[in-house]
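Data block below; observations after.
Derivation of every value follows stated rules applied to the coordinates shown; laboratory data play no part. Please read these numbers as outputs of a predicted model, since none were measured by experiment. Using ideal geometry, Cβ is built from the backbone for each residue, glycine included, and neighbour counts are taken over all protein chains shown.
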Amino acid sequence: MELSRSWRVIGHLVLLTCCLAVAAPVAVVLATALKSPSEVFQPSLWPSAPTFDNFATLFGKARFADYLWNSVATTVLRVSGQLVIALLAAWAFARFAFRGRDTLFAMVLGAMMIPHLLTMIPVYILMARLGWFDTWAALIIPNLAMPFAVFLLRQHMLAFPRDLLDAAEMDGAGPWRALWRVVVPNLAPALSALTIILFVECWNEYFWPLLVTETEASRTLQMGLREFLESDGYSDFGAMMAGVALASVPAVALFLILQRRVMDTFVASGLKG
């Protein structure tokens, strides 16, 4: 049903308002990061003379480079592991028939319903007994198995055209080769969307790194920003905003890189619906 002109105008106004509400804080952060200390609290939005001194101050006062490296490395390793494990588990649930398959998948769905905070204390005790405190292992390994990722990829694999898999089998491709040569390339939109979700969740994580890290050498960027805020952030607001801007860059850059494939996912879902 085609909407009337008035409803289309209202819809565009609502979308414009939402866009402004999202863009305004980002613009304020970027503008403040480029302002000199004398301009930080001025009413003007954009600085009269943009400067990168706040970024230099940030790297000079705190171990920001170490925090950034820890976040980048642990996030890349963790998300890569999550994708591989979820892909293999989803392929097993979608492709093979074995005893107890439905029961195992029901357990995966059940694990998805358990609040993360409920399992945090047992995992914390396990990390202590393994001696993994203050290491990357404590930041990466406990979160490698993601039930949501398994569920999402399994549902996409069930909708995968059976004819393509049959053709691959006729060409001599086994299950392993069919997964990587046929299924994965066609699941690129779903994998891209899942990558963004997992990346943002890991990148923004604060509470778990706070529990399992003890020294600055293994702390992540989010903890570094908090420490800087408590030490100098309230007096050096421009440098704090520079840190916030840098912390936002990786997630935004990843979305811009993968946005076309993510949009393809929504388009395909709409066409199938």
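Need the C-alpha centroid separation for region 105-140 versus region 14-90, integer Å. Value for the Cα centre distance between the two parts: 28 Å. Compared with the alpha-carbon gap, the fully stretched path from residue 116 to residue 85 is longer by 9.3 nm at 0.36 nm per residue.
Would you please classify the overall shape of region 1-51 from the alpha carbon gyration tensor, given that a ≥ b ≥ c denote the square roots of the eigenvalues, rounded means a/c under 1.5, and beyond that prolate means a/b larger than b/c while oblate covers the rest? Show your work: numbers first, answer last.
Details: a/c = 5.18, a/b = 4.43, b/c = 1.17.
Taking the square roots of the gyration eigenvalues as a ≥ b ≥ c, region 1-51 is prolate.
Mind ordering 17-24, 100-107, 81-88 by average Cβ neighbours within 10 Å, highest first? Write out the running numbers ahead of the final one.
Details: 17-24: 9.9, 100-107: 11.9, 81-88: 18.1.
Ranked from most to least packed, the peptides come out as 81-88, 100-107, 17-24.
When Rg and the Kirkwood radius Rh are both evaluated on Cα atoms of region 169-259, their ratio Rg/Rh stands at 1.22. Our estimate of slack between residue 66 and residue 171, defined as 0.36 nm per intervening residue step minus the Cα-Cα distance, is 32.8 nm.
For the peptides 63-75, 108-120, residues were scored by their other Cβ atoms within 10 Å and the scores averaged per peptide; the highest-first order is 63-75, 108-120. Calculated from the alpha-carbon coordinates, the chain shows an Rg and a Dmax of 23.1, 71 Å respectively. By definition, a body whose alpha carbon gyration tensor gives a ≥ b ≥ c is oblate when a/c is 1.5 or more and a/b is not larger than b/c, and region 70-117 fits this oblate description. Seen from a random direction on average, the alpha-carbon convex hull of region 33-128 projects onto 11.7 square nanometres.
Please give the calculated 222 nm ellipticity per residue for the chain, where each DSSP H segment of at least 4 residues contributes -39500 (n - 2.57) and the sum is spread over every residue; nearest 500 deg cm²/dmol?
On the way: 13 runs with 194 residues, N = 273.
Mean residue ellipticity, 222 nm, calculated: -23000 deg cm²/dmol.
Compare the peptides 126-134, 217-225 by average per-residue count of other Cβ atoms within 10 angstrom and give them in order, highest first.
Ranked from most to least packed, the peptides come out as 217-225, 126-134.
With the contact rule set at Cα under 8 Å and sequence spacing of 6 or more, what percent relative contact order holds for the chain? Answer for the chain is 30 percent.
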